[in-house]
Structure formats: structure tokens, C-alpha cells
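In what follows, a single structure is set out as C-alpha cells and then discussed.
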Amino acid sequence: MPRLNFLFDGDLSDIDYTRPNIIHTMNQYSYCLFSLDTDFKNAILSSDILLPDGIGICFLNYFLYGKFLKKIAGADIHQHLMAQLNYNGGKCFYLGSNELTLARIQDRVAIDYPNIICETFSPPFKNSFSDDDNIGMIDKINAFSPDILWVGMTAPKQEKWVYANAAALNVKTIASIGAVFDFFAATQKRPASFWINLGLEWFIRLITEPRRLWKRYLIYGPYFIFLISKAKAALLYNKFAHSS
């Protein structure tokens, strides 16, 4: 597993939406997918900014490299860049989710960020898109020409879509933020700050959405531990081999 270059100190102030950026987040589930899916791996490695979205990723970096990461969730980058965009005035586009969620997002943007013009599109619910689907999405985005494109299709679908289509998009910053669409639209409630600060956001989400998330945490959780144990063993072996 290659070492991933996470934004480690939690400082988002240097992230400027007016410069070309592809921003992805990674949690323990997507770290597991990173080891299994070559297209997803390429998408992650090609990103300009990678955010550690989960206590598991923070632990991973400390366990392997001795450097503590500050968790930065998709909701954090969304709030930060929307505040920037609202201050300057501009446009954003939400790609993903369903019509109800997108309508609520537009309503909230109008209230919370009145200086932002917002457009949305709900793509077909498919495991993979046809060429016509992709052309249709690209045309809608480019016709609007947003400053920021928010993509919410869940991992790894959203990252792979960005990787395959970013070059055709007339957009400054692209960010894959998954469940943030539902949190921002209030169609799904994010756990309270108390649980987030304890590093237990994942646990509260599991008990509130067990049917959707059980596999992510109960199957991929042990696999994540296996991966980081294997990576640690490889680091120790290489260190010993080079010192002898």
C-alpha cells in the first residue's frame, strides 16, 4: 500500500476554490476499497487534496508513521468552501442523490448562502453510467460553469466518476462528499458533536442505519485492521532489513 498524503493539521485555510482542485475524503471503508479496486486507487492517488475523514484513518497514520492526523470530514470542507464562495459570490453545482434531497439543498443554500447561485442534477441510479449518461451530466455542469462541483454518489462511485470525467468539466474545484448531501439537506441527521469529538461518529451511524452500514463496519472494519497490521509489519521488516 503506498503512503497517502493526507492534509494532516486540519487547517483548511490554504484550500482555495478558485484554483483547480480535486478533493476527496477517505475513511476506513474507502481505505479498504483502495486496496481492492484499481480504478478507485487511481482516483485517490490523482486527487490534489485528500482529507482524513474518520478516526480509523487518523489512527492508521499514527500507528504506521507516528504522525497524528486531525479528522476532517466532508461536512467540514463543504462548510469551509461554501463560506468562501458566499463571501466572494459565485456558483456551485450538486451532482448526485435524489430530487427531494436536492430540492432541500437548494432551499438551504438560498438561506444560508444567499450570494451563491446553486444548480443540481440527480443522475440515474445505476451501478455504472452509460456514455450518454456521462455526456448528459457533463453538458449540464458545463452549461452552468460552476466554481465548485459537489459530487455525492457514495464511494467509490463518486471518486471514479470524477477521475474519469474531470478533464471534460469546466469547473474550478471538484469535491466528493458523499453523505454530506443528506446531512446538509437534513434528510439524514449527522451525529451530535459530542460523539464526533469522541471519535464515535461511525458507531452512532451504525446503530441508526444498521441495514445500510453493517457491512461497512462489521466486515470491512476487521479487514481494515488486517491491512494496517500488514502495512506495519512491512514497514518493520524494511526497517530491519536496511539496518542489518
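The values are calculated or read from the model by the stated rules, or taken from the named source; none is laboratory data. Source: prediction; values computed, not measured. Ideal geometry is used to build each Cβ from the backbone, glycine not excepted, and the neighbour counts take in all protein chains shown.
What tally of residues in the stretch 39-60 results from selecting those that are touching a Lys or Arg at 6+ places or on another chain (Cβ under 8 Å), at pLDDT 90 or above and in a helix (DSSP H, G or I)?
The total comes to 5.
Got at least one residue in the stretch 98-110 being closer than 24 Å to I141 by Cβ and not in a helix (DSSP H, G or I)? Walk me through it before giving the result.
First, pick out the residues of the stretch 98-110 that are closer than 24 Å to I141 by Cβ: 98-110.
Next, only the ones that are not in a helix (DSSP H, G or I) stay: 98.
Yes.
Checking the structure you have, find out if any residue of the stretch 14-28 is more than 25 Å from I141 (Cβ to Cβ), modelled with pLDDT of 90 or more and buried (at least 23 other Cβ atoms within 10 Å of the Cβ).
Checking the stretch 14-28: at least one residue is more than 25 Å from I141 (Cβ to Cβ), modelled with pLDDT of 90 or more and buried (at least 23 other Cβ atoms within 10 Å of the Cβ).
Can you tell me which of S145, S128 is among the small types (G, A, S) and at pLDDT below 95? First the steps, then the outcome.
On the way: S145 fails: at pLDDT below 95.
None of the other options fit; the residue is S128.
Tally time: how many residues in the stretch 72-90 are within 26 Å of P191 (Cα to Cα), surrounded by fewer than 16 Cβ atoms within 10 Å (Cβ to Cβ) and in contact with a Ser or Thr (Cβ under 9 Å, 6 or more places away or on another chain)?
Adding up the residues that qualify gives 1.
When you scan the stretch 194-220, how many residues do you find that are among the aromatic types (F, W, Y) and touching a residue at least 60 places away in the same chain (Cβ under 8 Å)?
Matching residues across the stretch 194-220 total 3.
Go through the stretch 221-242 and give me each residue that's in contact (Cβ under 8 Å) with a residue 40 or more places away in the chain and within 24 Å of the chain's Cα centre (by Cα).
Of everything in the stretch 221-242, those that are in contact (Cβ under 8 Å) with a residue 40 or more places away in the chain and within 24 Å of the chain's Cα centre (by Cα) turn out to be G221, Y223, F224, L227, I228, A231.
Could you please tell me which pairs satisfy a Cβ distance under 7 Å, a separation of 6+ or placement on different chains, a first residue in the stretch 68-82 that is part of a loop (DSSP other than H, G, I, E, B), and a second residue that is aromatic (F, W, Y) and crowded, with 18+ Cβ neighbours inside 10 Å?
What qualifies is L69/F6.
Suppose the filter is crowded, with 21+ Cβ neighbours inside 10 Å, in contact with a strand residue (DSSP E or B) (Cβ under 9 Å, 6 or more places away or on another chain) and either more than 27 Å from R19 (Cβ to Cβ) or at pLDDT 95 or above (or both); does S176 pass it?
yes
Suppose we keep only residues that are touching a residue at least 60 places away in the same chain (Cβ under 8 Å) and of a type outside the set (A, V, I, L, M, F, W, C) within the stretch 179-188. Which one would you say is surrounded by the fewest Cβ atoms within 10 Å (Cβ to Cβ)?
Residue satisfying both the conditions and the ranking: T187.
Take the residues in the stretch 110-136 that are free of Cβ contacts under 8 Å to residues at least 24 places away in the same chain and β-branched (V, I, T), then tell me which one is nearest to G152 (Cα to Cα).
Among those residues, the one meeting the criterion is I135.
Surrounded by 17 or more Cβ atoms within 10 Å (Cβ to Cβ) and of a type in the set (A, V, I, L, M): which single residue out of L36, L45, L69 fits that description?
Only one candidate passes the filter, namely L69.
From the list N134, N98, N86, which one is touching a helix residue (DSSP H, G or I) at 6+ places or on another chain (Cβ under 7 Å), farther than 30 Å from K232 by Cα and of a type outside the set (K, R)?
Unique residue meeting the criteria: N134.
Go through (1) touching a residue at least 40 places away in the same chain (Cβ under 8 Å); (2) under 28 Å from D107 (Cβ atoms) one by one and return the number of the condition P191 breaks.
With (1) touching a residue at least 40 places away in the same chain (Cβ under 8 Å); (2) under 28 Å from D107 (Cβ atoms) applied to P191, the lone miss is (1).
Could you go through the stretch 17-38 and let me know if any residue there is β-branched (V, I, T) and assigned to a helix (DSSP H, G or I).
Checked the stretch 17-38: at least one residue is β-branched (V, I, T) and assigned to a helix (DSSP H, G or I).
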